[in-house]
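As structure tokens, the structure follows; a few thoughts come after it.
The values are calculated or read from the model by the stated rules, or taken from the named source; none is laboratory data. Everything numeric here is computed off the predicted structure, so don't read it as measured data. Here Cβ is always computed from backbone atoms with ideal geometry, including for glycine, and neighbour counts include all displayed protein chains.
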Amino acid sequence: MRRMLLLFTPVALLLAYALPAGAVTPGQQDDFQDGTTQGWGSGVLNPNSPANAADVGPTGAGDHSLQLTSAGSLGPGSRFAAFNTTQWAGDFLSANASQILMDVNNIGATPLNLRVAFEGPGGRFVTTASVPVPAGSGWQSIALGIEPIDLTSAGGLDLNATLGAVTSMRVISAASPSFMGDAIVAQGLIDNVLLCGDVDGDGFEAGSGCTLPDLDDHASSCTDDGSDSDGDAAADCLDLCLDADGDDYGVDLSATVIGSGVDPVGACTTDGSTACTFLDAACIGPDCDDSNPDANVECAEPVPAMKPWGTGLLVLALLLAGIPLGRAVRRSSRGAEAVGVTGGSPEARSG
């Protein structure tokens, strides 16, 4: 009891807001498969606290979800609401959070108007638009935008301050924007609560259900193509040098865009400003034979075989120039081998 009273003192609230922001991560998801509420609650006095419900999720048997119940009227448990102060507390701005996706099922007789709300140092804010879920809806997927443009004040004064250090996020049903939610008699299930965001600013979001899912949300050059063309266990989007034979000579990818993104490999950032750590260093230079590690800068070119008619022309040219064939042979053993001449002047034959 002493601890509960302390939580509601002004000093305690100020200390809570002064704590460093936690780490919310795009792609994080609550699926309730561990049999717990995964940190979702509604106050210690609520007789209808959120509960883990087995075998009633979107896929049926074996799929868990979170059940929310409200009793209407007044007092604890009257409002359709649940909050989370653990994995859903933190810096939503740095996560470049864009929307929250979830599966919902209204199993009660009262229509729901679902929203998400945030509390933090700048006060309370809630999504401007709600998503209506009719009574007896069955499972459906919804999306709630949480960018600054999607939120309205519920008594808060500084939206960026709150989004940069959220202390509590809640899911509520409210016909009009409010932080607490409406007092209604309702019952519903939620599942697969997913945060979409774009930390690296490449236009692709972490999370398989998000718009344009991102291959790597901490590498702006890695969007939707994870190919490894040279088989070195480094995806091309983080590989500065395609080098199949491993001699550090190959094809320079620093100015190449891989996949459907915008940033070339060499311009990769983890968060819009911090350079990526590449999985392969830049090429020393181009490779003349990328299948042979012993051949990179210079590759031997075979001497073309001389055609039979070419041999005759060479002999004729030497004779017209008055050069004894034997002397030509001595001057150039390579020429002699190509021409294959054994005749000539007596001097050449005897020498």
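Annotations
- The lone exception for ASN192 - which of (1) within 14 Å of the chain's Cα centre (by Cα); (2) closer than 28 Å to GLY136 by Cβ; (3) not in a loop (DSSP other than H, G, I, E, B) it fails: (1)
- Complete set of residues in region 233-277 that are over 13 Å from CYS222 (Cα atoms), among the β-branched types (Val, Ile, Thr) and in contact (Cβ under 8 Å) with a residue 12 or more places away in the chain: VAL251
- Which listed residue, of VAL131, VAL104, VAL126, is surrounded by fewer than 21 Cβ atoms within 10 Å (Cβ to Cβ) and within 21 Å of GLN29 (Cα to Cα): VAL131
- Residue satisfying all of: in region 42-60; in contact with a strand residue (DSSP E or B) (Cβ under 8 Å, 6 or more places away or on another chain) and modelled with pLDDT under 95; nearest to GLU119 (Cα to Cα) among these: SER42
- Among (1) surrounded by 19 or more Cβ atoms within 10 Å (Cβ to Cβ); (2) within 26 Å of ASN160 (Cβ to Cβ) - the single one SER78 does not satisfy: (2)
- Contacts under 6 angstrom Cβ, first residue in region 53-67 being at positive phi, partner part of a loop (DSSP other than H, G, I, E, B), 6 or more apart: ASP55/ALA61
- Hits in region 220-262 - residues which are polar (S, T, N, Q) and surrounded by 23 or more Cβ atoms within 10 Å (Cβ to Cβ): SER220, SER221, THR223
This table checks each residue for (1) in contact (Cβ under 8 Å) with a residue 60 or more places away in the chain; (2) more than 25 Å from the chain's Cα centre (by Cα); (3) under 20 Å from THR37 (Cα atoms).
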residue	(1), (2), (3)
ALA81	yes, yes, yes
ARG124	no, yes, no
SER137	no, yes, no
GLY145	no, no, no
ASP150	no, no, no
SER153	no, yes, no
ALA175	yes, yes, no
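- Leading residue by the ranking (surrounded by the fewest Cβ atoms within 10 Å (Cβ to Cβ)) among those in region 200-219 that are of a type in the set (Gly, Ala, Ser) and part of a loop (DSSP other than H, G, I, E, B): SER208
- Strands (runs of 3 or more DSSP E) within region 39-146 that include 1 or more residues in the same structural domain as ASP158 (by TED's automatic domain parsing) and in contact with a Lys or Arg (Cβ under 8 Å, 6 or more places away or on another chain): 65-71, 81-84, 112-120, 123-127, 131-133, 140-145
- Test: SER227 is touching a Cys at 6+ places or on another chain (Cβ under 6 Å), in a loop (DSSP other than H, G, I, E, B) and under 30 Å from ASN296 (Cβ atoms): no
- Checking ALA234 against (1) in contact with a helix residue (DSSP H, G or I) (Cβ under 8 Å, 6 or more places away or on another chain); (2) closer than 30 Å to VAL24 by Cα; (3) not basic (Lys, Arg), the condition it does not meet: (1)
- Tally of residues being assigned to a loop (DSSP other than H, G, I, E, B) and either within 25 Å of ASP31 (Cα to Cα) or not assigned by TED's automatic domain parsing to the domain that holds GLN33 (or both) across region 165-189: 6
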